[in-house]
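Notes follow once the structure below has been shown.
The values are calculated or read from the model by the stated rules, or taken from the named source; none is laboratory data. All values reported here derive from a predicted model rather than from experimental measurement. For neighbour counting, all protein chains shown are included, and Cβ atoms are generated from backbone atoms with ideal geometry for every residue, glycine included.
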Amino acid sequence: MVNSSLPSDGILRLDAAGTTLLIGIGGVVPSLLYWGRALPLTASLDGVERAAQRPVYHNSVDEDVPLTLLPQQGLGFFGQPALEGSRDGLDSITDIELVEFQQSDGRLLFKLADEIALLSVDIELILDAQTGVLSQRTTVRNDGKAPYDIAWCAAGAWALPWRAREVLSLEGRWSREFQERRVSLSLGRYVRENRKGRTSHDTFPGIILGTKGFGETGGEVWGCHLGWSGNHHMVAETLSDGGCQVQLGEQLSPGEVRLSPDETYTTPWVYGAYSDAGLNGLTDRFHTYVRDRLVDWPGGAMKPRPVIVNTWEAVYFSHDLDRLAALADKAAAVGAERFVLDDGWFGGELSGRDDDTTSLGDWQIDHRKWPNGLHPLIDHVRDLGMEFGLWVEPEMISPHSDLYQAHPDWALHVPDRRRPTGRNQLVLDLTLPAAFDHVWQALDNLLKSHDIAYLKWDMNRDLAPIASAGVPVQSAQTSAVYALIDRLRAAHPSVEIESCASGGSRADYGALARAHRIWTSDCNDAHERQRIQRGAARFLPLCVLGCHIGPDPAHTTGGRDRLDFRAVTALFGHMGLELNLLELDDDELEEIAHVIAVHKQHRSLLHAGQYVRLEDDLEPGRMGHGVVAQDRGEALYALAQLDSPPMTISPPVRLVGLSSDRSYRVRFALPIPMGAQANTPALKAMANPDGIVLSGAVLTNVGLQLPTLWPRSAVLLHLQAVD
Ligand code: GLA
């Protein structure tokens, strides 16, 4: 980047993919004047900043203090500051001013400083040329001689227009992640935060704000996401002076960030996107960004996502070569391409992993279960033409383990205080170089000595206490996890990694900068999964969302679903199986083989096309989504009936994303489910390969009458352009 001079109109602009940002630098601190649909490149911006200037109101300080990229406390701004800190009780009131800026190729760097509080701040902004996704991070430096304590530093503080009054956020719990919640903003703050030390099931670190009534295909929306796998804090604030802002950053513990002289603190990246075409437009930007820009695919590009068989719900901890080899035979026979051996293969001198009470940290093969090691199974899996994957949980230490006996201080702890276990385990203190090295060696040896293509990297408890011998380390522990994965990936670049944390408790762009898949949820109940996956797909593309056909009944809910519904549900993601194939009859195996074949047939469309949700005018209990090829030549839609339909005949469904100028052959891509009333000539024809032909204009605007469905069933539609 080069030192830049101020443009004549005093405004810096970033433009990409239908989005424009205008940043005014006429004030003390740069301010985001506009973030929205693209403005013509030729438009004159003269006077924009002046026109935006706000009057001084009654009973206020006599100089207006508007929102900026770094709102600060103490000199007339009364909202949430972007930076909160102090030095020996002083320097909490700041006046950090722009010193210089640099601009090049969609990037802006603002350098700011305060000569009294002795702080420097760098704000880096990037607008991605391909997707229009904005990313920002902020760095604070202590220029003083005494330590500076930071309590809060927003990765991004973005002013939004007043019309962004409604919020969509994602919340949940174990086995029920990514539930959508909508609220309207009022004066004051809407806060979501996480203190669990991992991204959490409870609160996804993302927030969408939009104009009143925004929906899947309409309204203006701004989506923000913190790419961080530790604690987070998000606030959407409406000030009494009419200002509106959103801030996202790390939730820091008291005393956690104390900057020594010249030391810096850099926030995680925060990501944002704008759409004037509702949520589908926002999703498209985020999905493309993650798939094409963020995920570091081995070999540089995403290969077809291999269909997975995971052993967890099939055998749990009961590992036995003959049984698992037989499972692998069935897996290969139905078309699986990657076989993942889950928890239970390891142990130490003290004990082997027969349940979840022991052995984490002792990463030796358990020779009671595997007398000849893992090689016989791996060779068998490889001979069947599948990749082999292995489960690990590197960040943990079981109290009942050789490692803990030798190094009790390697667990996160506060001296002389209780050490609460979670799932019977403690957390390994990765900020200790020796502990880090121990687990690095174990993983490196494992990968060096076995033909392993994939690690399911699990993390099964919340962090409590998040302290290294009493010192708060939320930030440092998360950075150490990242460093461990980064080092492993550098040493074994062809190995793919799944980010799992008791299901979807570590699903964020910080993890996805290192991993290739998210285990979306421990819940494999298809009825629940429909909502879980719908929420997850707000920010995460289908190619990284692990979606498995689970057993009947589902192990986490007892819910019962027919195989066809479980299959249509799992098909919209990185598909896999997580049930005991050895217990299925031939008809079921055949049905699974067929569904996998259908998934493979449409896999490139599913994983590279544009994901769309059908408009919210579907009646209650019904949910629909699809993927449309980038050239609009093909599409696949699933319409799921979750609850009993409120009417005898479900209304026609308007499909989304098609070209109005083209005609499409429409057919059912899987047999219509039991109970579906499909007795019209058109629906009967759609069950045949020739289907029916309708124009995109009709399908999009008039809609298509589909059969009324039983609850817990779905239809899968394939559309092929015929022109
Ligand atoms: C977590 C994961 C599961 C499974 C178990 C193994 O719960 O989310 O998929 O791997 O751990 O212990």
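In segment 558-610, how many residues are closer than 15 Å to residue 718 by Cβ and not aromatic (Phe, Trp, Tyr)?
At the first step, the residues of segment 558-610 found to be closer than 15 Å to residue 718 by Cβ are 567-568, 571-572, 594-595, 597-606, 609.
The next check asks that each one be not aromatic (Phe, Trp, Tyr); those that pass are 567-568, 571, 594-595, 597-606, 609.
Going through segment 558-610 one residue at a time, the tally reaches 16.
Check off (1) touching a Ser or Thr at 6+ places or on another chain (Cβ under 8 Å); (2) free of Cβ contacts under 8 Å to residues at least 40 places away in the same chain; (3) within 29 Å of residue 39 (Cβ to Cβ) for residue 181 and give me the number that stays unchecked.
(3)
Where the second residue is of a type in the set (Lys, Arg) and modelled with pLDDT of 90 or more and the first is surrounded by fewer than 21 Cβ atoms within 10 Å (Cβ to Cβ) and lies in segment 612-630, which pairs have Cβ atoms under 8 Å and are six or more apart or on separate chains?
Sorted first by the residue in segment 612-630, then by its partner, the pairs are 615/654; 617/654; 623/531; 623/534.
If we scan segment 406-421, do we find a residue that is among the acidic types (Asp, Glu), crowded, with 18+ Cβ neighbours inside 10 Å and in a loop (DSSP other than H, G, I, E, B)?
No: zero hits.
For segment 555-578, state whether one or more residues are free of Cβ contacts under 8 Å to residues at least 40 places away in the same chain and touching a Leu at 6+ places or on another chain (Cβ under 8 Å).
no
Kindly indicate whether residue 675 is assigned to a loop (DSSP other than H, G, I, E, B) and in contact with a Leu (Cβ under 9 Å, 6 or more places away or on another chain).
So residue 675 passes the test.
For segment 260-295, give me each residue that is acidic (Asp, Glu) and more than 22 Å from residue 609 (Cβ to Cβ).
262, 263
What number goes with the only condition from (1) in contact (Cβ under 8 Å) with a residue 40 or more places away in the chain; (2) under 28 Å from residue 277 (Cα atoms); (3) in a loop (DSSP other than H, G, I, E, B) that residue 719 does not pass?
With respect to (1) in contact (Cβ under 8 Å) with a residue 40 or more places away in the chain; (2) under 28 Å from residue 277 (Cα atoms); (3) in a loop (DSSP other than H, G, I, E, B), residue 719 is out only on (3).
Counting only residues that are within 16 Å of the ligand (Cβ to nearest atom) and either among the β-branched types (Val, Ile, Thr) or under 30 Å from residue 376 (Cβ atoms) (or both), give me the helices (runs of 4 or more DSSP H) lying completely in segment 255-346 with at least 3 of them. Spell out the reasoning first.
Values: elements: 278-289, 312-315, 321-334.
Where helices (runs of 4 or more DSSP H) fall fully within segment 255-346 and carry at least 3 residues being within 16 Å of the ligand (Cβ to nearest atom) and either among the β-branched types (Val, Ile, Thr) or under 30 Å from residue 376 (Cβ atoms) (or both), they are 312-315.
What pairs come out if I take residues in segment 480-499 that are within 14 Å of residue 433 (Cα to Cα) and at pLDDT 95 or above and pair them with residues that are in a helix (DSSP H, G or I) and of a type in the set (D, E, K, R) whose C-beta lies under 9 Å away, six or more apart or interchain?
Close Cβ pairs (under 9 Å, with a partner that is in a helix (DSSP H, G or I) and of a type in the set (D, E, K, R)) amount to 487/444.
Looking only at segment 151-197, filter to residues that are aromatic (Phe, Trp, Tyr) and part of a strand (DSSP E or B); which one of those is nearest to residue 472 (Cα to Cα)? If you could, list the steps in order and put the result at the bottom.
We begin by selecting, within segment 151-197, every residue aromatic (Phe, Trp, Tyr); these are 152, 158, 162, 174, 178, 190.
Checking which are part of a strand (DSSP E or B) leaves us with 152, 158, 178, 190.
Values: 152: 15, 158: 29, 178: 28, 190: 26 Å.
The residue in question is 152.
Of the residues that make up segment 36-46, is at least one within 19 Å of residue 136 (Cα to Cα), modelled with pLDDT of 90 or more, in contact with a Ser or Thr (Cβ under 9 Å, 6 or more places away or on another chain) and crowded, with 20+ Cβ neighbours inside 10 Å?
Taking every residue of segment 36-46 in turn, none turns out to be within 19 Å of residue 136 (Cα to Cα), modelled with pLDDT of 90 or more, in contact with a Ser or Thr (Cβ under 9 Å, 6 or more places away or on another chain) and crowded, with 20+ Cβ neighbours inside 10 Å.
Check whether at least one residue in segment 56-68 is crowded, with 19+ Cβ neighbours inside 10 Å, of a type outside the set (A, V, I, L, M, F, W, C), touching a Pro at 6+ places or on another chain (Cβ under 7 Å) and not in a helix (DSSP H, G or I), and report yes or no.
Yes, because at least one residue in segment 56-68 is crowded, with 19+ Cβ neighbours inside 10 Å, of a type outside the set (A, V, I, L, M, F, W, C), touching a Pro at 6+ places or on another chain (Cβ under 7 Å) and not in a helix (DSSP H, G or I).
Quick test of your reading of the structure: residue 65 fulfils all but one of (1) touching a residue at least 24 places away in the same chain (Cβ under 8 Å); (2) in contact with a Phe, Trp or Tyr (Cβ under 8 Å, 6 or more places away or on another chain). Name the failing condition by number.
(1)
Among the residues of segment 347-382, count how many are in a strand (DSSP E or B), of a type in the set (S, T, N, Q) and surrounded by 18 or more Cβ atoms within 10 Å (Cβ to Cβ).
1
With (1) touching a Ser or Thr at 6+ places or on another chain (Cβ under 9 Å); (2) among the acidic types (Asp, Glu); (3) under 29 Å from residue 242 (Cβ atoms) as the list, and residue 122 as the residue in question, which single condition is left unmet?
It is condition (3) that residue 122 fails.
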